[in-house]
Amino acid sequence: MFLAVRELRFAKARFGLMGAVIALIAVLVVLLSGLSTGLVNDGVSGLQRSPATSFAFADGVQHDSAFSRSVVDVSAVDSWKAQPGVADAAPFGNALINARSGSGVEIDLALFGVPTDSFLSPPVAEGARLGAANGIVVSRTAIEAGLRVGDTVTVDRIGTRLTVVGAMAEQHTFGHVDVAYLPLRVWQEIKAGVRPGEPVPGGTYDEITAVAVRAADGAEVDLAAGDRAAGTESLSRTESYGASPGYTAETSTLRLIEWFLYAISALVVGAFFTVWTIQRRAEIAVLRAMGAPTGYLLRDGLAQAFALLLLAVGAGVAVGTAAGSLVGSGIPFALSAPAIAVAALLLLVLGLAGAAVAIVRIAAVDPLTALGANR
């Protein structure tokens, strides 16, 4: 490290400029990581916090729109309950609605219709659990948007009135819309467009969106066998995230941008150390002529690159985290320590890889030729 430290001190301006560029890349990566995590939370946190391990949709349904297009007969629930390794199964309904509260708050809601006595019925941090005929339990973010426990919410077009009886402790959203759990029969009536006081069409209570399946602890459910028995098509809970509106497009775009930033970081670091190695070719030749082994020079160069990357990435992560904490609640943004740690580690590793490719040029320096060129 002796040579590396002396060069860092001697060429402060060059290494400072390079460090600033890497730090800016780290800031961008942290902010993109926070935006990506925020979008995931805003898109599928309602599914992430569901106790279901998989969802059985209609056979042949498009996976990217399964929640909006699937229609399953409620009899499939009993078929799934009988499958080996299944602890429980329950009917599940999903629909997006526009609504207005009695206090004038306009809000979009993702209705999750569930049996009130099933494992899908959510715990609450405020108010009461599901049970009332037209009661709903809403996401914490809906409370932050202006709803209150006790408010009456009217569904647009059909006029069904729902009462907010409880609120969950955390964010539960689906497709960037706040989730509201309600009794399955009420959901089925809303889905069928039944207005209050009108007769309910035959077959309304036979249709659901999917069967929510919960595997027994330590058990692995054979989803293919269950689908054959029930005539459904299953997706694991993680796979079902792709059926949330916009989820795949948003996450793929941000992930692509992040990987471009990682590649740019490696190229920038590699280009810098390539130029730096060429500029000090004579000094390296002198060291080699004095007996310094190539391995020592390579290790010294990598240590120099590591020190620069560590300081720059650390500074960039600190600035990015501070900037992220200032992002307003109107933007889906959430800082995640594991995601930031992975991003910082990737910047270090890929930056070192770029530096290593450049520093290998040291081994090609011929001490006699280089020294002779300076006579």
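Name every residue in segment 99-119 that is over 17 Å from GLU189 (Cβ atoms) and open to solvent by 10 Å² or more (accessible area, probe 1.4 Å), in order of residue number.
ARG100, GLY102, SER103, GLY104, VAL105, GLU106, ILE107, ASP108, ASP117, SER118, PHE119
Yes or no, residue by residue, for (1) at pLDDT 95 or above; (2) farther than 26 Å from VAL61 by Cβ:
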| site | (1), (2) |
| --- | --- |
| GLY166 | yes, yes |
| ASP178 | yes, no |
| ILE190 | yes, no |
| GLY203 | no, no |
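Looking for something open to solvent by less than 50 Å² (accessible area, probe 1.4 Å), farther than 15 Å from GLU258 by Cβ and modelled with pLDDT under 85 - is there at least one such residue anywhere in segment 328-339?
Scanning segment 328-339 turns up at least one residue that is open to solvent by less than 50 Å² (accessible area, probe 1.4 Å), farther than 15 Å from GLU258 by Cβ and modelled with pLDDT under 85.
Would you check if GLU258 is of a type in the set (Asp, Glu) and open to solvent by 40 Å² or more (accessible area, probe 1.4 Å)?
no
Based on what the data block shows, is VAL213 part of a strand (DSSP E or B), touching a helix residue (DSSP H, G or I) at 6+ places or on another chain (Cβ under 7 Å), crowded, with 19+ Cβ neighbours inside 10 Å and on the phi < 0 side of the Ramachandran plot?
yes
Quick check, is VAL342 open to solvent by 50 Å² or more (accessible area, probe 1.4 Å), assigned to a helix (DSSP H, G or I), of a type in the set (A, V, I, L, M) and over 17 Å from GLY270 (Cα atoms)?
Yes, satisfied.
Quick test of your reading of the structure: ALA125 fulfils all but one of (1) farther than 24 Å from SER75 by Cβ; (2) out of contact with any Pro (no Cβ under 7 Å at 6 or more places or on another chain); (3) open to solvent by less than 50 Å² (accessible area, probe 1.4 Å); (4) at pLDDT 95 or above. Name the failing condition by number.
Here ALA125 meets the rest and fails (3).
State all residues of segment 37-57 that are open to solvent by 10 Å² or more (accessible area, probe 1.4 Å) and out of contact with any Lys or Arg (no Cβ under 7 Å at 6 or more places or on another chain); if no residue qualifies, say none.
THR37, LEU39, VAL40, ASN41, ASP42, GLN48, ARG49
All but one of (1) farther than 30 Å from LEU182 by Cβ; (2) surrounded by 14 or more Cβ atoms within 10 Å (Cβ to Cβ) hold for ALA243; which doesn't?
Unmet condition: (1).
Got at least one residue in segment 58-65 being on the phi > 0 side of the Ramachandran plot and either open to solvent by 20 Å² or more (accessible area, probe 1.4 Å) or of a type in the set (Ser, Thr, Tyr) (or both)?
Yes, some residue in segment 58-65 is on the phi > 0 side of the Ramachandran plot and either open to solvent by 20 Å² or more (accessible area, probe 1.4 Å) or of a type in the set (Ser, Thr, Tyr) (or both).
Among the residues that make up segment 95-108, is at least one of them within 27 Å of VAL155 (Cα to Cα), free of Cβ contacts under 8 Å to residues at least 60 places away in the same chain and aliphatic (A, V, I, L, M)?
There is at least one residue in segment 95-108 that is within 27 Å of VAL155 (Cα to Cα), free of Cβ contacts under 8 Å to residues at least 60 places away in the same chain and aliphatic (A, V, I, L, M).
Which residues, taken from segment 272-316, are at negative phi, out of contact with any helix residue (DSSP H, G or I) (no Cβ under 7 Å at 6 or more places or on another chain) and either of a type in the set (D, E, K, R) or not in a helix (DSSP H, G or I) (or both)?
Correct list: ARG280, GLU283, MET290, ALA292, PRO293, ARG299.
Please name all residue pairs, on different chains or six or more residues apart, with Cβ atoms under 6 Å, provided the first residue is in segment 71-89 and is within 20 Å of ARG185 (Cα to Cα) and the second residue is assigned to a strand (DSSP E or B) and open to solvent by 50 Å² or more (accessible area, probe 1.4 Å).
Sorted first by the residue in segment 71-89, then by its partner, the pairs are VAL71/GLU207; ASP88/ARG214.
Among the residues of segment 70-80, what is the count of those that are surrounded by 15 or more Cβ atoms within 10 Å (Cβ to Cβ) and not aliphatic (A, V, I, L, M)?
4
Does segment 271-304 hold any residues that are at pLDDT 85 or above and surrounded by 21 or more Cβ atoms within 10 Å (Cβ to Cβ), and which are they?
Within segment 271-304, PHE272 is the sole residue that qualifies.
List the residue pairs whose Cβ atoms are under 8 Å apart, where the first residue sits in segment 261-286 and is aliphatic (A, V, I, L, M), the second is not in a helix (DSSP H, G or I), and the two are 6 or more positions apart or on different chains.
From segment 261-286, the pairs are ALA282/ASN374; ILE284/VAL365; ALA285/VAL365; ALA285/ASP366.
Does ALA132 count as at pLDDT below 95 and either part of a strand (DSSP E or B) or under 18 Å from VAL179 (Cα atoms) (or both)?
Yes; evaluated as a whole, the condition is true for this residue.
The values are calculated or read from the model by the stated rules, or taken from the named source; none is laboratory data. This one's a predicted model, so the numbers in the text were calculated from it and none came from an experiment. Neighbour counts are summed over all protein chains in view; Cβ atoms, including those assigned to glycine, are modelled from backbone coordinates with ideal geometry. Keep in mind that these areas ignore ligands, DNA and RNA; they rest on the heavy atoms of the full protein, side chains included. Shrake-Rupley method; radii C 1.70, N 1.55, O 1.52, S 1.80 Å.
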